Amino acid sequence: MAERSTGGGRPVPVPPDTASDRVILHVDMDAFFASVEVLDDPSLTGRPVIVGGRGARGVVAACTYEARMFGVHSAMPSTLARRLCPSAVFVDGRFHRYVEVSAKLHAQLTAVTPLVEGISLDEAFLDVTGARQLLGDGATIAGDIRSAVSGELGLSCSVGVGRSKFIAKLASKAAKPEAGREGIVPGRGVVVVPRGEELVFLHPLPVRALWGVGTVTGRKLDALGIATVGDMAALPDGALERYLGPAQGAHLAALCRADDPRPVVPEQAAKSVGHEETFATDIWDRGTLHGHLTRMVDASATQLRSAGRTARTITVKIKFSDFALVTRSHSMVTPVDATPAIGAVGAALLDSVELDRGVRLLGVSLSGFGPTSEGRQLRLDLDSDPRAGGCGPDREPGEGNHLALIDEEAERFQSSWGAVSAAVDAIRTRYGGSSVGPASLVTPDGLRVRRRGDAPWGPGGDPPSADTTRPGGR
Ligand SMILES: [Mg+2]
């Protein structure tokens, strides 16, 4: 608790900040992935650029405002985006690059205050209540962040300032540039919603601006003739609860009053790392799937080690052509971080799934984190419980034994390959991600190393019609 000295020399306690005193910032990069692409390739400046999957199942991950003028937006199927904007330049995503830029952004934000809650790569909340004395009011801090982001990263962001996360988020949206048929209207950059003026700001907004109003709720509200947040706020007490159910009704009633006490919670450590991919065409061949799995394991294991972690649990996820989802998971007694150790378990899990339909999506994730492999405890056989490795409720009889053998194999790989994996990481850091990798990933074009999140929004490459011979279209 801070104390302030008065003229008389007697310290007077400063009252604690109450919720109504909070100053929250929401920082949101403008067209982030697409802007990074333009930054790295200035020939794209001023052009409609779409980052996303090019294949039949690809979706738009991000697009520049020039593309938005044509009605393109993120999460739209790429085929529709191409129809709306035939002149668009499609760019494959480079997730590792976005992660790199995001880390720089994050470093800038944590220099303002440690109270930074990252929401995604390009979005964060900051509680600057305690930083004001040093750095100025919310508007000043917001302006300084915009200048720093522009100066050091060469990118633009929009910042909302308000008394709660909810208001700050809506304010940053109001600060954004807008693209319409007539052109691009530059954004205000910073929008401050002063304390006490939340309802003036909030009530003219459409109900769909509120968190928790999706398609279904939006339609229900349309049917009731409720178009704006103000309409909603004017309803008698208890009406929203009756229309929408108690939980959602109460949630929205609170938001209409600008009531959102949620604190800014700094960095929560990730609970898993992984990689998954939707294929351009369904894959029937087990060998082809193993190839993709090896690549994903390589990417995920590298990420695990770079975070200085080991993992006990490995999960393989398969979505079939009929969208049926199967996950197989195995927890080991001894945590691992070597790529071949993780690969051995992943391969066994994949082999435990019957492939009677085409596979649409394959993924692998690592969880049950422990510290790095130095100081790793060797397994005591007395402690080994065959049930420790579970395959979930759908485990086959005899599978326990099979996976106990896998544990041993994984441990063998871990002890023989642990140092090699570390060396591979060092080489990649120095010479780039494609300099070294599993021999099974070498193609006539070189090494095809995946990084986590490469094109997570769908397959890139040519549309499947142009490449039907190779499953996966790669
Ligand atoms: Mg953004």
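Key figures
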| quantity | calculated |
| --- | --- |
| Proximal charge balance of Val213 [Cβ under 13 Å; K/R count +1, D/E count -1] | +1 |
| Of the trypsin sites (Lys or Arg not before Pro) in segment 226-328, those whose Cβ has at most 14 other Cβ within 10 Å and which sit in DSSP loop | Arg257, Lys271 |
| Cα-Cα pairs of segment 211-300 separated by more than 17 Å (percent) | 65 percent |
| Entries of Lys271/Lys317; Lys104/Lys271; Lys104/Lys173; Lys165/Lys317; Lys104/Lys176; Lys271/Lys319 with Cα pairs more than 24 Å apart | Lys165/Lys317 |
| Anisotropy class of segment 206-256 from Cα gyration tensor, a/c 1.5 cut | rounded |
| Relative contact order (%) - criterion: Cα under 8 Å, at least six apart; region: segment 119-258 | 16 percent |
| Percent accessible area from carbon and sulfur atoms, segment 1-202, protein chains only, probe 1.4 Å | 55 percent |
| Net charge, Cys85 excluded, C-beta distance under 11 Å - Lys, Arg +1, Asp, Glu -1 | +3 |
| nm² value of the averaged projected area, convex hull over the Cα atoms of segment 1-202 | 13.5 nm² |
| Cβ-based net charge around Gly71, under 11 Å, with every Lys or Arg adding one and every Asp or Glu removing one | +3 |
| Euclidean distance of C-alpha centroids, segment 136-158 and segment 168-184, integer Å | 17 Å |
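The values are calculated or read from the model by the stated rules, or taken from the named source; none is laboratory data. Owing to the predicted nature of the structure, the values given are computational and were not obtained by experimental measurement. All Cβ positions, even for glycine, are placed from backbone atoms using ideal geometry, and neighbour counts span all protein chains on display. All accessible areas refer to the heavy atoms of the entire protein, side chains included, with ligands and DNA or RNA removed. Shrake-Rupley method; radii C 1.70, N 1.55, O 1.52, S 1.80 Å.
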